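The values are calculated or read from the model by the stated rules, or taken from the named source; none is laboratory data. Just so you know, these numbers come straight off a predicted model, no measurement behind them. Note: ideal-geometry Cβ built from the backbone for every residue, glycine included; neighbour counts use all protein chains shown.
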Amino acid sequence: MLKDKLDNLRKNGALIHNITNYVTVNDVANALLACGGSPIMADDEEEAPEITAICGGLNINIGTLNKRTIPAMYAAGRKANELGHRVLLDPVGSGASRLRTETARGLIREIRFDVIRGNISEIKALAVGTETTKGVDADVADAVTEDNLSEAVEFVKSFARREGCVAAVTGAIDLVSDGQRCFVIRNGRPEMGRITGTGCQLSAVMTAFITANRREEVLESAAAAVCAMGLAGEIGFFRLSPGEGNATYRNRIIDALYHMDGDQLEKGARYEIR
Amino acid sequence: MLKDKLDNLRKNGALIHNITNYVTVNDVANALLACGGSPIMADDEEEAPEITAICGGLNINIGTLNKRTIPAMYAAGRKANELGHRVLLDPVGSGASRLRTETARGLIREIRFDVIRGNISEIKALAVGTETTKGVDADVADAVTEDNLSEAVEFVKSFARREGCVAAVTGAIDLVSDGQRCFVIRNGRPEMGRITGTGCQLSAVMTAFITANRREEVLESAAAAVCAMGLAGEIGFFRLSPGEGNATYRNRIIDALYHMDGDQLEKGARYEIR
Amino acid sequence: MLKDKLDNLRKNGALIHNITNYVTVNDVANALLACGGSPIMADDEEEAPEITAICGGLNINIGTLNKRTIPAMYAAGRKANELGHRVLLDPVGSGASRLRTETARGLIREIRFDVIRGNISEIKALAVGTETTKGVDADVADAVTEDNLSEAVEFVKSFARREGCVAAVTGAIDLVSDGQRCFVIRNGRPEMGRITGTGCQLSAVMTAFITANRREEVLESAAAAVCAMGLAGEIGFFRLSPGEGNATYRNRIIDALYHMDGDQLEKGARYEIR
């Protein structure tokens, strides 16, 4: 079922406009190129809507949010909505500062997102107003585990229903829901958390997946992206030599994505639907 | 003939001021260090001319153009002209938005560039006002091929004559012309297009080549940079192991540049002059 | 003696707020994750103090200084001082422009830094007002060598005393002093200078070391960070294959940091105290 999501991306391509942070932007671009998409980065309000218009999808990431680029996010988002393009929000660090939480909430109010993707802390900050976060990683107490899985699935489903979009909450166990069904995904490696930006890469790759596939299948396409990134993390880890650490691992993951095809994804994806 | 261009760079060094995008800036810095140059990045209007003054060359790249840094581009460009420094323009995404096209044109009107380097779409956007572009890659219909080579050579020559500089149009076949002669270069690998920023790296490396060599040889120096980058792409590709993709390839190219000497460049360069 | 400095970092973690340049920021984040710390980047004045407040340490790096982020540096620095957090300044390119020199001096006047870390040119620019610098590398004439070591040690000690902080001057020989004692460190490889950002990485890693250890041991913690980074440079160099250059070396250094433990650091550190 996930196979054709990647095949379509490789076949159709997907030009993605990214308004994203400067920390992980290079890996974001290479991850997009690895999976069959193409990146454009443009964050000035004056040109953002024009760039959005020539792309197929828009990926908004608030990782190094600043007042100069916030208007570009709104302008690009409105243009994408107007043109019926796919739009994804990655509310990095939401809950860590008022600026981030309020900007993410403001964007959600004004822009119709196809997917909101973050860790559990970030999504909780948007949902319930709790304002604690441990950097850009999920608060450990709030991690999704086998023990609290049912509760977490319900939370993600209700968030997706309330926001009228697909919600993707990633961590040790990943949850992707459209409010009715929830993909529970167990791909990936814990060591991915020792690399900066695997979440940002996933958001960009996910935007490419949902852009290259039909809107009716945004849930499956988003889930396919999560499986693809997690599987790339498994393949990349397996290919590490002794002494190689997080810097080389970063490259191996993008390399694995570069060589992945639909069959490999289909075989390697580990998920259930609840 | 190209050998001494790299030898001079390794011997003389070249401190290059880069006002460039935040997507590929790290690779740009490492590519400069690999070929024997040194990078400084500074994009605030207040300090840009001072930084230009202590450097030998200036590389202006509009990849993530924004209104904050445009005045720095003008200020640095004017200072470089005043001091007789080498100056290169990489009009990334020119044609993709009015802001980019008009900024590139404005810079060309006010600053005397030694080289303008871009893909065929970007250069066409500057030349004839066509405003289509496929992201940061050349429009496929406008790619330089063996079939349209004569026409493309004429286009690049006439662009170089009109602008009074060297024009470097890179793609599957690379063309570098001063308006009279045109280097037709066949180094490189198509897979380089699956890495973000090989064009940006080339622009920086080219700035170092033209800075470390005599102004009378700017054409040969720019062509040598194109051959060096393409050859590094060939060597890096040859060194890839099964399963390695665009992330590792990115490193292998810079590594190949790091070890390249004039003899290797001379032997590996594949070009004709038309 | 240095062993427990790294062990404490691995055990306690250290969430570090970085206001840093966009050239090397990705490597800075991965180096922090490699040594046991965690990165947050936030440079908007509005959110900087809030982000500082949830972190343990603050790393201010002026590598791509611009007027938008200078107020964030002051605001974050004041908040860190107010909360008693560790604060480090990396005055990249100080001496290369008035903006950088004056911003660094202004920050030193208003913020109480635990450590100021730079190359000898940068520190001299802050100390004596000489305004020459060769890019971001120490002026060769001003390099610390065995011949001028006594003089350099005295200079660093007196700078540290005058500023009331630990001064870390890195280069071929690294000097770290609190004004009374001076660690003279001989770890590292000259080839590290051919990679962009090893200095920036060291500043971030050093902030993590001093944050995870007791304030009374800031001198030893800063010295341990210098030894760790230098040792990682030695290990990474030893692991390079023929044909690998500065791009791969960059990864190998971070990988070595990722696997380093306190015992390895203790055995590999090469220093004397003067």
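Quick check on this structure: which one of A:Gly84, A:Gly13, A:Gly77, A:Gly106 is modelled with pLDDT of 95 or more, of a type in the set (Gly, Ala, Ser) and touching a Gly at 6+ places or on another chain (Cβ under 9 Å)?
A:Gly13
Is there a residue in the stretch C:182-191 that is of a type in the set (Gly, Ala, Ser) and within 24 Å of C:Arg250 (Cα to Cα)?
Scanning the stretch C:182-191, I find at least one residue that is of a type in the set (Gly, Ala, Ser) and within 24 Å of C:Arg250 (Cα to Cα), so the answer is yes.
Working only within the stretch C:37-54, note down all residues that are in a loop (DSSP other than H, G, I, E, B) and facing chain A (nearest Cβ under 8 Å).
Result: C:Ala42, C:Asp43, C:Asp44, C:Glu46, C:Glu47.
Would it be correct to say that B:Ala127 is modelled with pLDDT of 95 or more and farther than 22 Å from A:Met41 by Cα?
Against the criterion (modelled with pLDDT of 95 or more and farther than 22 Å from A:Met41 by Cα), B:Ala127 does not qualify.
Check the stretch B:204-214 and report whether any residue there is in contact (Cβ under 8 Å) with a residue 60 or more places away in the chain, more than 13 Å from the chain's Cα centre (by Cα) and more than 14 Å from chain C (Cβ to nearest Cβ).
yes
Does B:Ala222 count as within 16 Å of the chain's Cα centre (by Cα), more than 26 Å from B:Ala34 (Cβ to Cβ) and at pLDDT 95 or above?
Judged against the criteria, B:Ala222 is not a match.
Select from the stretch C:1-46 the residues that are within 27 Å of C:Tyr74 (Cα to Cα) and charged (D, E, K, R) and list them in ascending order.
Within the stretch C:1-46, C:Asp27, C:Asp43, C:Asp44, C:Glu45, C:Glu46 meet the criteria.
Would you tally the residues in the stretch B:18-31 being more than 7 Å from chain C (Cβ to nearest Cβ) and small (Gly, Ala, Ser)?
1
If you go through the stretch C:244-254 one residue at a time, do you hit one that is surrounded by fewer than 18 Cβ atoms within 10 Å (Cβ to Cβ) and at pLDDT 95 or above?
No, the stretch C:244-254 has no match at all.
Quick test of your reading of the structure: B:Leu202 fulfils all but one of (1) out of contact with any strand residue (DSSP E or B) (no Cβ under 9 Å at 6 or more places or on another chain); (2) under 21 Å from A:Ala29 (Cβ atoms). Name the failing condition by number.
Single failed check for B:Leu202: (1).
Among (1) surrounded by 24 or more Cβ atoms within 10 Å (Cβ to Cβ); (2) more than 14 Å from every other protein chain (Cβ to nearest Cβ); (3) over 18 Å from B:Gly243 (Cβ atoms), where does A:Gly230 come up short?
It is condition (3) that A:Gly230 fails.
Please specify each residue of the stretch B:66-79 satisfying the condition of being under 19 Å from the mean Cα position of the chain (by Cα) and touching a residue at least 40 places away in the same chain (Cβ under 8 Å).
Within the stretch B:66-79, B:Met73, B:Ala76 meet the criteria.
Consider B:Val218 carefully, then state whether it is in a helix (DSSP H, G or I) and away from chain C (no Cβ under 13 Å).
Yes; evaluated as a whole, the condition is true for this residue.
Here is a check on your reading of the model: is B:Ala34 part of a helix (DSSP H, G or I), within 9 Å of chain C (Cβ to nearest Cβ) and surrounded by 24 or more Cβ atoms within 10 Å (Cβ to Cβ)?
Taking the combined requirement at face value, the residue satisfies it.
Condition (residue is surrounded by 14 or more Cβ atoms within 10 Å (Cβ to Cβ) and under 15 Å from the mean Cα position of the chain (by Cα)) applied to the stretch A:157-165: is it met by at least one residue?
Yes: the stretch A:157-165 contains one or more residues that are surrounded by 14 or more Cβ atoms within 10 Å (Cβ to Cβ) and under 15 Å from the mean Cα position of the chain (by Cα).
Can you tell me which residue within the stretch B:255-272, out of those that are over 19 Å from the mean Cα position of the chain (by Cα) and surrounded by fewer than 17 Cβ atoms within 10 Å (Cβ to Cβ), is farthest from the other protein chains (Cβ to nearest Cβ)?
B:Glu272
When you check C:Ala256 against the structure, is it in contact (Cβ under 8 Å) with a residue 40 or more places away in the chain, in a helix (DSSP H, G or I) and of a type outside the set (Ser, Thr, Tyr), yes or no?
no
Quick one: which residue in B:Glu102, B:Glu82 is among the charged types (D, E, K, R), closer than 20 Å to B:Arg162 by Cβ, out of contact with any helix residue (DSSP H, G or I) (no Cβ under 6 Å at 6 or more places or on another chain) and surrounded by fewer than 20 Cβ atoms within 10 Å (Cβ to Cβ)?
Going through B:Glu102, B:Glu82 in turn, just one is among the charged types (D, E, K, R), closer than 20 Å to B:Arg162 by Cβ, out of contact with any helix residue (DSSP H, G or I) (no Cβ under 6 Å at 6 or more places or on another chain) and surrounded by fewer than 20 Cβ atoms within 10 Å (Cβ to Cβ): B:Glu102.
Give A:Ala160, A:Ala143 a once-over and let me know the one that is of a type in the set (A, V, I, L, M) and at pLDDT 95 or above.
Only one candidate qualifies: A:Ala160.
Please give the number of the condition C:Val28 fails out of (1) β-branched (Val, Ile, Thr); (2) farther than 21 Å from C:Val205 by Cα; (3) touching a residue at least 60 places away in the same chain (Cβ under 8 Å).
(2)
I need the helices (runs of 4 or more DSSP H) fully contained in the stretch C:58-135, keeping only those with at least 3 residues that are within 13 Å of another protein chain (Cβ to nearest Cβ) and not small (Gly, Ala, Ser).
C:70-83, C:98-110
Tell me yes or no: at least one residue of the stretch C:46-61 is within 19 Å of C:Met229 (Cα to Cα), free of Cβ contacts under 8 Å to residues at least 60 places away in the same chain and crowded, with 23+ Cβ neighbours inside 10 Å.
Yes; the residues of the stretch C:46-61 include at least one that is within 19 Å of C:Met229 (Cα to Cα), free of Cβ contacts under 8 Å to residues at least 60 places away in the same chain and crowded, with 23+ Cβ neighbours inside 10 Å.
What tally of residues in the stretch A:170-215 results from selecting those that are small (Gly, Ala, Ser) and in a helix (DSSP H, G or I)?
Final tally of qualifying residues: 6.
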